[in-house]
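The structure appears below as structure tokens.
The values are calculated or read from the model by the stated rules, or taken from the named source; none is laboratory data. Keep in mind that what you see is a predicted model, and the values were worked out from it rather than measured. All Cβ positions, even for glycine, are placed from backbone atoms using ideal geometry, and neighbour counts span all protein chains on display. The accessibility values were calculated without ligands, DNA or RNA, using every heavy atom of the protein model including side chains. Shrake-Rupley method; radii C 1.70, N 1.55, O 1.52, S 1.80 Å.
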Amino acid sequence: MLQSSRVSLQAVLEAANAEISGGNAREIGQSLLGVVGVLADNLGLRKALADSSEPAEKKQGLLQAVFGAQIFEAALRIASVAVSQRWARTQDFVTSLEVAGVTAIAAAAQEVGQLGQVEEELFRFARLLESDHELARALDSDAGADAKRALVADLLAGRAEPDTVTLVDHAAVHPRGLRVAIALDHFSDILAARQQRSVAEVTVAAPLSQQQTERLAAALAKNYGRELVLNVQVDPEVIGGVRVQVGDEVMNSTIADRLAEVQRKLAS
């Protein structure tokens, strides 16, 4: 996002957090994701609502006319803040509502102590899509919404938290130009941010024990000055050691990386 959109996104998130603090987080989140679904399918409507040349009052009136009787009142207030902002791109406006919606779902999961579970389930489902190309093609295809919802329900209903199903369903039906796995990774980042945490992508040669995982989490928390969510993947090709990526920062201590570094030095 350009700076103007980032400032506007912050205003939307502040409004969302204020409304979430009053309760009904899940209803707010589901309503906002519903608005995103409508906007994703209606170019004319999303352009009209994001048009910075139009008065905010006019756009808020349109928002009320289209969604007023269909969505949770607090969600409508958040969306009203969004249409009053300036957006560099129309898609940034829609993204702000999606981020606010996922944030509200995260808050609902957090209230009942399930946020960590939802984070883990989203991560594992995204990794499943990366390894199961047939499943990924099915969810990334142009198949109808009903077919995708049925597939998500078949895969996750009764096996994952309802909030996980809500987010996977939304990513599959309204990917907004992204692969579903990528959309889910973005949602995971939002869930992590809800607790002011970061996601550490950890790659190891063999599965870690619970004790090893706890020691690694403690060491990384001390290094970064905050708690990190560990998403651990096993890859025998790392040949021992551990590779950790937090955002754009990568920490390597694997034998494979050391050998590669030696090879680079020999070749130079």
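The figures follow:
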| quantity | calculated |
| --- | --- |
| Peptide ranges 118-131, 140-153 listed from the most packed, as the mean C-beta count within 10 angstrom indicates | 118-131, 140-153 |
| Whole-number D in µm² s⁻¹ for region 1-49, Kirkwood Cα-pair radius fed into Stokes-Einstein, 20 °C, 1.002 mPa s | 175 µm²/s |
| Antiparallel bridges, percent of DSSP beta bridges restricted to the chain (to nearest 5) | 55 percent |
| Proximal aspartates and glutamates to LYS148, defined as alpha-carbon separation beneath 20 angstrom and excluding residues fewer than eight positions away on the same chain | ASP41, GLU98, GLU121, GLU130, ASP132, GLU134, ASP140, GLU161, ASP163, ASP169, ASP185 |
| Å² of accessible area per residue within region 127-252, as computed with a 1.4 Å probe and no ligands counted | 55 Å² |
| Cα-centred dipole magnitude for the chain, charges only on beta-carbon of K, R (+1) and D, E (-1), debye, nearest 20 | 580 debye |
| Area projected by the alpha carbon convex hull of the chain, averaged over all directions, nm² | 17.2 nm² |
| D (Stokes-Einstein, µm²/s), Kirkwood Cα radius, region 1-112, 1.306 mPa s at 10 °C | 117 µm²/s |
| Part-to-part distance (alpha-carbon centres) for region 134-162 and region 60-90, which is given in Å | 29 Å |
| Interchain or long-range residues, amide H under 5 Å from ALA200's placed H | VAL229, LEU230, ASN231 |
| Candidate aspartates and glutamates for bridging to LYS47, where Cα separation is under 15 Å - those fewer than 8 sequence places away on the same chain excluded | ASP92 |
| Ranked by how many other beta carbons lie within 10 Å on average, peptides 45-55, 73-83 from highest | 73-83, 45-55 |
| Projected-area average for region 113-197 over all orientations - Cα convex hull basis, square nanometres | 5.3 nm² |
| The chain, accessible surface, carbon-and-sulfur percent (1.4 angstrom probe) | 50 percent |
